[in-house]
Amino acid sequence: MKKFSKLIALVLVLSLVFAFTACGKGGSDDTIKLGILCSLTGNSQTNGGYAQQGAKMAVEEINAAGGINGKQIELVIEDDGGKADTAINAYNKLQSQKVVAIVGPMLSSLALAMDQNVQTGKIPLLIGATSAALTDNIDNPYFHRLRCSDTIMAEVAASYAVSNYGAKKIGIFYCSDDYGSGAMHTITKWCDANGVEYYEAGHNAGDKDLSTQILKVKEENCDVVIMWAHDDECALAARQFYEQGLNMPVISSTTIATPQVYSLCNAEWIEGWNYVTDFIAENPSELVQTFSKNYDEKYGSTPEIYAATYYNGVYAFADAAKRATSLESADLCEALKTINLDTLYGVYTANDKRELAHTAIIGVMKNLVPSYQDQVTMD
């Protein structure tokens with residue numbers, strides 16, 4: 001009897017060890033851990049709130065439909081703080097919690113700072129970062145881009161300046177960090193190839209006065225301004241453009257079409273501004289309209305690009321996980337290579353740089369409402 005009791009005790013101990021081990025590797029027998037990396041503090045915390053909402057909404061939908069091969073997705077959310085060191089620490093925390101993949105970050109500077117950690121950690125990341133440096137300067141096999149790169153968006157903006165406005169000279173108003181300078185270099189390269197003159201006016205993130213750069217653009221007699229700026233500087237530039245009488249068409253990055261920016265503007269400052277973006281809630285796509293309706297019913301607001309990107313990211317992960325031979329990193333990355341998924345940003349397919357999105361939206365601001373105008377799909 002004693003021997004039998006010892007045997008039972010041993011079986012129980014081994015069962016507990018097995019259960020603990022199973023829970024530590026990407027979730028329990030019934031769940032799969034998916035990491036979310038977004039800004040919950042710092043200057044981008046509003047955007048991080050939208051990101052969380054989009055991710056949670058996608059998870060609820062997928063889980064309600066049966067999950068991933070019968071398993072439910074369990075979100076593990078960490079704050080990147082909008083800063084490089086915080087993002088690296090957040091990545092390490094997610095790694096220690098045994099997530100099988102991560103959606104985020106959204107900021108290019110954070111993704112670039114995390115490069116070595118990600119290559120060492122070998123966890124697939126679905127990132128919203130758009131800087132050209134993420135593909136031109138590094139080759140990280142675990143980065144998979146959810147949005148069109150700035151190379152595509154900047155080329156579309158430059159081409160539109162010429163085709164729609166007949167621009168002979170373009171003013172490039174940009175932030176001097178990776179985000180803005182990457183777009184600036186793409187635009188100047190496009191202009192050089194197409195015989196279009198340009199003037200570059202750079203500023204720093206956090207600048208409180210942009211009047212000197214604006215005056216110079218005005219003095220250079222540019223026909224169109226293309227602006228690649230972050231939230232605060234974009235709203236500041238809009239006001240100072242208006243105050244200084246800069247009466248020329250403006251084509252912005254997606255920044256001006258986000259509620260946290262246009263809510264800081266008076267309608268007359270940005271009326272008629274164009275922008276290039278991945279997402280606008282007015283897109284007539286049936287998928288976008290359904291998402292926008294459901295999001296508004298759930299959260300009481302119109303979805304914007306952070307919510308849409310993280311929503312897409314969760315669905316892209318789920319699609320790959322369902323098709324992968326296992327949830328090991330190499331198998332998930334292999335499955336992402338063959339993705340063919342209808343999303344809010346058009347059809348996701350992977351090119352050799354692991355870029356999944358290839359459709360740019362051209363919009364226009366009308367009485368502080370971002371409106372859909374056209375879309376361009378790049379090869």
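Any residue at all in the range 228-235 that is modelled with pLDDT under 95, of a type outside the set (D, E, K, R) and either outside any helix (DSSP H, G or I) or surrounded by 20 or more Cβ atoms within 10 Å (Cβ to Cβ) (or both)?
Yes, the range 228-235 contains a residue that is modelled with pLDDT under 95, of a type outside the set (D, E, K, R) and either outside any helix (DSSP H, G or I) or surrounded by 20 or more Cβ atoms within 10 Å (Cβ to Cβ) (or both).
Looking only at the range 208-220, count how many residues are under 23 Å from residue 364 (Cα atoms) and either open to solvent by 30 Å² or more (accessible area, probe 1.4 Å) or among the aromatic types (Phe, Trp, Tyr) (or both).
Summing the residues that are under 23 Å from residue 364 (Cα atoms) and either open to solvent by 30 Å² or more (accessible area, probe 1.4 Å) or among the aromatic types (Phe, Trp, Tyr) (or both) in the range 208-220 gives 1.
Quickly run through the range 133-178 and pick out the residues that are in contact with a Gly (Cβ under 6 Å, 6 or more places away or on another chain) and open to solvent by 10 Å² or more (accessible area, probe 1.4 Å).
Here is the first cut: in the range 133-178, the ones in contact with a Gly (Cβ under 6 Å, 6 or more places away or on another chain) are 133, 146-147, 150, 174, 176.
Answer for the range 133-178, where residues must be in contact with a Gly (Cβ under 6 Å, 6 or more places away or on another chain) and open to solvent by 10 Å² or more (accessible area, probe 1.4 Å): 133, 147, 174, 176.
For the range 78-173, please list each of the helices (runs of 4 or more DSSP H) lying entirely inside it that holds at least 2 residues being aromatic (Phe, Trp, Tyr). Step through it out loud before you land on a result.
Values: elements: 84-96, 108-121, 133-136, 150-165.
Result: 150-165.
Here is a list: 77, 68, 102, 88. Which entry is crowded, with 16+ Cβ neighbours inside 10 Å, of a type in the set (A, V, I, L, M) and more than 18 Å from the chain's Cα centre (by Cα)? Talk me through it step by step, then tell me what you get.
Numbers: 77 fails: more than 18 Å from the chain's Cα centre (by Cα); 102 fails: more than 18 Å from the chain's Cα centre (by Cα); 88 fails: more than 18 Å from the chain's Cα centre (by Cα).
Exactly one residue qualifies, and that residue is 68.
Output the residue which, of all residues in the range 21-35 that are closer than 22 Å to residue 57 by Cα and either in contact with a Phe, Trp or Tyr (Cβ under 7 Å, 6 or more places away or on another chain) or at pLDDT below 90 (or both), is surrounded by the most Cβ atoms within 10 Å (Cβ to Cβ).
Here is the first cut: in the range 21-35, the residues closer than 22 Å to residue 57 by Cα are 26-28, 30-35.
When the remaining residues are screened for being either in contact with a Phe, Trp or Tyr (Cβ under 7 Å, 6 or more places away or on another chain) or at pLDDT below 90 (or both), the result is 26-28, 34.
Values: 26: 20, 27: 22, 28: 15, 34: 29.
Residue satisfying both the conditions and the ranking: 34.
For (1) modelled with pLDDT of 95 or more; (2) charged (D, E, K, R); (3) open to solvent by 60 Å² or more (accessible area, probe 1.4 Å), each residue gets a yes or a no:
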{"residue": "273", "(1), (2), (3)": "yes, no, no"}
{"residue": "290", "(1), (2), (3)": "yes, no, yes"}
{"residue": "311", "(1), (2), (3)": "yes, no, no"}
{"residue": "323", "(1), (2), (3)": "yes, yes, yes"}
{"residue": "332", "(1), (2), (3)": "yes, no, no"}
{"residue": "356", "(1), (2), (3)": "yes, no, no"}
{"residue": "362", "(1), (2), (3)": "yes, no, no"}
{"residue": "371", "(1), (2), (3)": "no, no, no"}
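The values are calculated or read from the model by the stated rules, or taken from the named source; none is laboratory data. Values in this document were obtained by computation on a predicted structure and should not be read as measured data. Quick reminder, even Gly has a Cβ in these numbers, built from the backbone with ideal geometry, and neighbours come from all protein chains shown. In case anyone asks, the SASA skips ligands and DNA or RNA and just uses the protein heavy atoms, side chains included. Shrake-Rupley method; radii C 1.70, N 1.55, O 1.52, S 1.80 Å.
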